[in-house]
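These notes concern the structure reproduced below.
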Amino acid sequence: MDRIRIVGGNELHGVIPISGAKNAALPLMIASLLTDDTLTLENVPHLADVEQLIRILGNHGADISVNGRRERQGESYARTVHFTSRNIVSTTAPYELVSKMRASFWVIGPLLAREGKARVSLPGGCAIGTRPVDLFIEGLAALGANIEIDGGYVNATAPAGGLIGARYVFPKVSVGATHVLMMAATLANGTTVLGNAAREPEVVDLAKCLNAMGAKISGQGTSTVTIEGVRSLSGARHRVLPDRIETGTYAMAVAMAGGDVILEDTETSLLDTALEAIRRAGAEISETNSGIRIVRNGAGIKPVDIVTDPFPGFPTDLQAQFMGLMTRSSGVSHITETIFENRFMHVQELARLGAKISLSGQTAKVEGVSRLKGAPVMATDLRASVSLVIAGLAAEGETMVSRVYHLDRGFERLEEKLTRCGAHVERVSD
Ligand code: UD1
């Protein structure tokens, strides 16, 4: 099994190309099931989660081709992928496939809307607390679906004439349930109004793509999204938006290690709250023609308190990385997680590097230390794993991160991107 070896102490200088967003690519790929025409997605990141979803979509009958070789765009290798689901050959998403990645549950929306039925295994995914699917079920039921849970599967059936537009207010903000309800409602009879919808940029990106396919969606990016149902959708060509979590992760890596780096092909507007926190921690951040410049020269890292929240708040997917950064701050910071319970598994691993962190409910108190020391550590989930890399960049000596398959789910060519900027990071295959 691969491990990542980091020798800390080097500053980062250079350019890091930011990939297309995993969390946008996944729902966009799933949206291809809504049409018998071809959906072409550009800037698709090459990640384990994307490959897994390709297998899942293939199981439903999608014909998928990756544009020969990867396209070269500056330093990045964004891929163009074509998805054609002429016929849906199976409306069942089996446990063996869905259990590997939670987002694959989302096929329930398009399958139900297009075929009138879906049988989808309850999901697996990251071990960051219970992640129920009640909002999906309640929302789809509001559109007229009949839903039963049986033997670990959700069996959903649409009324004879198809799903029916309705008004549904999410009792809690959910990115996935917003994606699914939005997709399902595109082919419903009549108009659907979703209240308390997620406002994440990936929701906006999906709505943009669905509209290019002929859907009639408005209000995306606000908490009320309106979807006028249409009879059918066509193909389209769409470019996946930049990965704001990858952007924030590398910005924090530079803030941690020190240096001067341009994050290419990304935009500050995707992560204003997180960038503000990094700025307060002592880094200079500016927008340039090609992306975002982040600099920390000499100045120490200041303590900053954060609370995770749905967009536009501080993203939960950057919480672990920010904690990594705060381990070296000059004071005490408090990090509060409000989205997921049990998303503090990185705390114990950061402690192995010498961090001083104590937990009280949903808040971690981080007392900055002047020195971290490399150690063997274990990745526990996707975002937690990269917080260990960030800490390792500033630790003395060698940090060896095991279980890096978590990293490969969401970070494209991480070691290469960091190495090019002067970090000592390598993949070790046993
Ligand atoms: C997505 C992201 C993930 C990110 C999360 C929150 C993808 C592929 N994943 O996950 O990286 O951390 O948004 O920004 O885009 N919930 C319920 N019932 C439901 C659904 C969700 O209670 O039916 C709860 C969850 O347990 C969690 C909260 O709602 O506490 C938010 O989850 P949600 O926004 O749905 O996360 P995902 O869409 O799974």
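Here are the numbers:
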read-out: Residue-by-residue Karplus 3J(HN,Hα) for segment 367-377, coefficients 6.51, -1.76, 1.60, Hz, glycine and proline x; value: 9, x, 10, 7, 8, 10, 10, x, 7, x, 9
read-out: Nearest-20 debye value, the chain charge dipole, Cβ charges on Lys, Arg, Asp, Glu; value: 120
read-out: Label-point gap, in nm, between SER234 and GLU416 - each point 7 angstrom along Cα→Cβ; value: 3.7
read-out: Top of VAL254, VAL169, VAL89 by mean-square fluctuation, Gaussian network on the chain, Cα under 10 Å; value: VAL89
read-out: VAL366, VAL386, VAL173, VAL66 arranged by Cβ crowding within 10 Å, fewest neighbours leading; value: VAL66, VAL173, VAL366, VAL386
read-out: Three-way shape call for segment 103-256 based on the alpha-carbon gyration tensor, with the a/c threshold at 1.5; value: oblate
read-out: Ascending count of other beta-carbon atoms within 10 Å, so fewest first, for ASP2, ASP150; value: ASP150, ASP2
read-out: Positive-end residue of ASN23, ALA62, LEU41, charge dipole of segment 1-62 with Cβ unit charges; value: ASN23
read-out: ARG427-ASP36 pseudo-label distance in nm [points 7 Å out on the Cα-to-Cβ vector]; value: 4.1
read-out: Cα gyration tensor shape of the chain, rounded if a/c is under 1.5, else prolate or oblate by comparing a/b with b/c; value: prolate
read-out: Gain in span if fully extended, ALA351 to ASP63, counting 0.36 nm per residue against the direct Cα distance; value: 99.0 nm
read-out: Burial ranking of peptide ranges 328-337, 174-183 (average Cβ count within 10 Å, highest at the top); value: 174-183, 328-337
read-out: Charge tally in the Cβ shell below 14 Å around LEU28, where Lys, Arg are +1 and Asp, Glu are -1, LEU28 excluded; value: -1
read-out: At R0 = 41 Å, FRET efficiency that the Cβ-Cβ distance of ARG167 and SER290 yields, to 0.05; value: 0.40
read-out: Simple spin-label estimate for SER218 and ASP134 in nanometres, 7 Å along Cα-Cβ; value: 3.4
read-out: Residue among ARG280, ARG383, ARG244 with the largest mean-square fluctuation in a Gaussian network model of the chain, springs linking Cα atoms under 10 Å; value: ARG280
read-out: Rounded to 5, percent antiparallel among DSSP beta bridges of the chain; value: 70
read-out: Pairwise Lys count, the chain - Cα closer than 25 Å, eight or more residues apart or different chains; value: 18
read-out: Local electrostatic count at ILE306 - Lys and Arg +1, Asp and Glu -1, tallied over other residues with Cβ under 12 Å; value: -3
read-out: The chain - mean residue ellipticity at 222 nm from DSSP helices (-39,500 (n - 2.57) per run, n ≥ 4, rounded to 500); value: -8500 deg cm²/dmol
read-out: Residue-by-residue Karplus 3J(HN,Hα) for segment 85-102, coefficients 6.51, -1.76, 1.60, Hz, glycine and proline x; value: 10, 3, 10, 8, 8, 8, 9, 9, 10, x, 3, 4, 8, 5, 5, 7, 7, 4
read-out: Spatial separation of Cα centroids for segment 213-287 and segment 171-195, in angstrom; value: 21
read-out: Max mean-square fluctuation residue, GNM over the chain, Cα-Cα springs under 10 Å, options PRO376, PRO45, PRO27; value: PRO376
read-out: Rounded to 5, percent antiparallel among DSSP beta bridges of segment 339-430; value: 50
read-out: Overall form of segment 272-430 per C-alpha gyration tensor (a/c, 1.5; a/b vs b/c); value: rounded
read-out: Local electrostatic count, ASP2, Cβ distance below 14 Å [Lys/Arg +1, Asp/Glu -1]; value: +1
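Bear in mind these aren't lab numbers, they're just calculated from the coordinates by the rules spelled out. In this text, all values refer to a predicted model and were calculated from it rather than measured experimentally. For neighbour counting, all protein chains shown are included, and Cβ atoms are generated from backbone atoms with ideal geometry for every residue, glycine included.
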